[in-house]
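Colleague: Take a look at the following structure, please.
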Amino acid sequence: MSAFEALDGWTTRLRVPEFCHPRRLPALVDSGGASLGEERTSRLILAIRHRESLRPDARIREVRRWATRESASAWALALFELWRRESYASKHRWVLRALAHLGGEPVAGELAEKVVRFASSYSAREQRLVRLLVPLLLHVPGGTTELRRLYHRELPPLALAAVARAHAQLAPVQDPTWREDLAKLSTPKSLPGFVKKGLPGLEDVDGNALETSWALALIRVCAAKEAAVRRRFPVQLRAFVDEASLNAFAAHCVRCWEEVGGSGRYSWVVELVAEFGGDAAVLALSELVARWPNESETARKRALEALPAFRRLGSDTALLCLVDIRQAALKPSVIRDAEQEVEHAAADRKVPVEALLDFITPNCGLDEQGTRSFDFGSRAFRLHLDDHLRPGFEDPEGQVLDDLPEPNDRDDPVLAEEALADWQTMQQQLAMVLRVQSHRLEQDMLRGRRWSVDAWRGRFLEHPLMLVFTRRLLWGRYRDGALVAAFRVAEDLTLVDVEDEPTTLPTAGEVGLVHPTDLSRPELAAWGEQFGDYEIMAPFAQLFRGESPAVDVDRESLDLGEQASGRLRDVLLPRGWERDDAFFRQYYQKSFPGQGMRVVLRMDPGVHAGDARYDQPDQRLSASFHKVASNGRRGKAMPLGKVPALCLLEVVWDLREAEE
């Protein structure tokens, strides 16, 4: 019988990419010097592409047992080098799995060296690779030793966070009696009835189906009251059960929990998502948590208890959900707890809170060109997103469809089902990215946030999703807080000025979003005409935010008419205003760090908490403007004639939103 029975008997419609043709790679050989051969090497490449897990399947294990460790490591590293020449294209990230599947100690040392080098690289693409390289050390011989060395090195914040997450998985792995002890858990006695319908099957990391008892074991671990149980078993289960099937199971439980009203009796579902969930599960949970505070007091408390789960999961999508919940929250307790979790998440990643959103926008599987392929087996559809994140799917004949079609008889049912599920998850991610980033970028403009040129290129120009926002906004080069020149990003990624002529960015200086008060009236009109000619629609109102109010320059307060207190709350809180903490509320306030200012919006006569009205104006409004000292204390009210135009304009703009 052939030593490569599983590999030789496997067929696929996948093709070997030209950049890694077997003739470009060193030979895989056994201890006797026999070569694997070009045909089997091609099959090996396709098996690695097909395998989603970092753990090898039976086909890859056949090759790993047969080949010498030296030749397997050299082959995997040569494949990585070929990928480097392809500029680390996202569509070929499967190359990383080859390092985990076939690598030995030489690969572990090379991976550690690349983590250190890439972490300090000026290339944003190489910096992003660090988070993908570090987990590989858990799967190659000698990797744990290198991981412990990295853990004690001085590394940039993002690299250190990735190393810390991987290092945390090392200690509990050696636990020979975990299965026997897992079987001793007895609560609940049987699988809850509400999850039985449509229960997805679980698989181990080798793709073998697991019995339903494993689903009950997962629930028992998450329902356990003992902290020791919740610390011990999740690490073992994540190492044993396939990641994709865990995510599908967690997402299924969330949806079933919603159908039974999110009963507190089944609050173990939150723990299940925190320990075993992926993007689909956390997106499903975030919809419930965002809705609960407005349903009842019990549901509000349930939402507060669920918020830490997003930070514990810690993925980009989970943290994006957490920020989304905070941006939409109106209840003071939800705002407070969500802000605390966001602050903890930023501390976990060792970045400032305002910079967190620079790093947690998922790329949703998009390549450098902003496209993604959805494979149905007999045909594939390439996704293209327009500048409003609207999808278009190009079929094999070149026709563009608005959505993925239903599978037909010639399609592979498994691949088609996976593609449709991936697209459903991606749709939810895109909708959330659009909400969160539109709000965040507007606030960055108001706060006067600035980026170095290298940071701006890496976080906006080189991110396939953020590029969509970048092309629809007006940017500026700033020096010492003043605008030097405004520019926009054209379709071909060149930078153009107000005359629609190419321009460049020097390496010195800073980049920020231009506020209309930074521009003269002729400049504002010229940019407005250019955006109109190219039909560019910004994700928020950037260039036209109304007119600054006429003011009495000697007065210290601005009369702003009357508003309904309920409508005022619903508009101001999501737009960055902070509410009076007292039970009888008398003011809102908002900071403008770029101007060193704080605005206090006073309500007369004020409103009791929970007593807001919508039917008619019940509050007379006036605003005062204050300089903020370096210690954060608010100074005396300033004469309106000395107030920055941006602050005056934005107060009026926000209240105009409340009127509509």
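The values are calculated or read from the model by the stated rules, or taken from the named source; none is laboratory data. None of the values given here were measured: they were computed from a predicted structure. Note: ideal-geometry Cβ built from the backbone for every residue, glycine included; neighbour counts use all protein chains shown. In case anyone asks, the SASA skips ligands and DNA or RNA and just uses the protein heavy atoms, side chains included. Shrake-Rupley method; radii C 1.70, N 1.55, O 1.52, S 1.80 Å.
Colleague: Which value results for Rg/Rh of segment 96-250 when Rg is the Cα radius of gyration and Rh the Kirkwood radius based on the inverse mean 1/r? Don't jump to the answer; show the numbers that get you there.
Modeller: On the way: Rg = 18.4 Å, Rh = 17.5 Å.
Across segment 96-250, the Cα-based Rg/Rh ratio is 1.05.
Colleague: Right, another one. What figure, in Å² to the nearest 10, do you get for the accessible area of Y614 with a 1.4 Å probe and non-protein molecules left out?
Modeller: Probe radius 1.4 Å; accessible area of Y614 about 120 Å².
Colleague: Counting every Cα pair in segment 1-124, what percent are over 22 Å apart?
Modeller: Values: 2411 of 7626 pairs.
Everything past 22 Å amounts to 32 percent.
Colleague: Quick one: how many Å² of S296 are accessible to a 1.4 Å probe, rounded to 10?
Modeller: Surface accessible to solvent at S296 totals approximately 50 Å².
Colleague: Suppose accessible area is computed on protein heavy atoms with a 1.4 Å probe; arrange I219, I536 from highest to lowest.
Modeller: Working: I219 0, I536 35 Å².
The most accessible residue leads, giving I536, I219.
Colleague: Right, another one. Of all the Cα-Cα pairs you can form in segment 90-144, what percent are over 13 Å apart? Walk me through the numbers on the way to the answer.
Modeller: Values: 824 of 1485 pairs.
When every Cα pair of segment 90-144 is considered, 55 percent fall beyond 13 Å.
Colleague: According to the Kirkwood expression over distinct Cα-Cα pairs, how big is the hydrodynamic radius of segment 182-319, in Å?
Modeller: Values: mean 1/r = 0.0663 Å⁻¹.
Answer for segment 182-319: a Kirkwood hydrodynamic radius of 15.1 Å.
Colleague: Same structure, new question: I need two numbers for segment 14-69: Rg to one decimal and Dmax as a whole number, Cα atoms only, in Å.
Modeller: 11.3, 32
Colleague: To check my understanding: the extent here is largest minus smallest coordinate of the Cα atoms along each principal axis. What are those three numbers for the chain, in Å, largest first?
Modeller: Principal axes ranked by extent give 94, 64, 54 Å for the Cα atoms.
Colleague: While we're here: Any idea of T144's accessible area? Nearest 10 Å², probe 1.4 Å.
Modeller: Accessible area of T144: about 50 Å².
Colleague: Same structure, new question: How large is the translational diffusion coefficient of segment 418-490 in µm² per second when you combine the Kirkwood radius over alpha carbon pairs with Stokes-Einstein at 20 °C and 1.002 mPa s? Please list the in-between numbers first.
Modeller: Values: Rh = 13.9 Å.
In µm²/s, the coefficient rounds to 154.
Colleague: What is the spread of the Cα atoms of segment 238-396 along each of their three principal axes, largest first, in whole Å?
Modeller: Sorted largest first, the three principal extents are 52, 36, 33 Å.
Colleague: Continuing with the same structure: Using square roots of five times the C-alpha gyration tensor eigenvalues, list the equivalent-ellipsoid semi-axes of segment 557-660 in whole Å, biggest first.
Modeller: Result for segment 557-660: semi-axes of 23, 15, 12 Å.
Colleague: So, in the chain, how many Lys pairs have Cα atoms under 17 Å apart, if the pair is 8 or more places apart or on different chains?
Modeller: Values: K184/K225; K189/K225; K301/K331; K590/K627; K590/K636; K627/K636; K627/K642.
Number of lysine pairs found: 7.
Colleague: Once the principal axes of the Cα atoms of segment 103-188 are found, what is the range along each, listed largest first in whole angstroms?
Modeller: Over segment 103-188, Cα extents along the principal axes are 53, 28, 21 Å.
Colleague: No solvent, one uniform scatterer per C-alpha: report log10 I(q)/I(0) for segment 354-446 via the Debye equation at q = 0.14, 0.15, 0.17 1/Å, two decimals.
Modeller: Summing over Cα pairs of segment 354-446 leads to -0.57, -0.64, -0.77.
Colleague: May I pose another question? Scattering from the C-alpha atoms of segment 552-608 alone, worked out with Debye: what is log10 I(q)/I(0) at q = 0.31 1/Å?
Modeller: Log10 I(q)/I(0), no solvent term: -1.38.
Colleague: Give me the net charge for the shell around G566: Cβ to Cβ below 10 angstrom, other residues only, Lys and Arg +1, Asp and Glu -1. Walk me through the numbers on the way to the answer.
Modeller: Values: positive: R567, R569, R613; negative: D570, D611, D615, D618.
Local net charge: -1.
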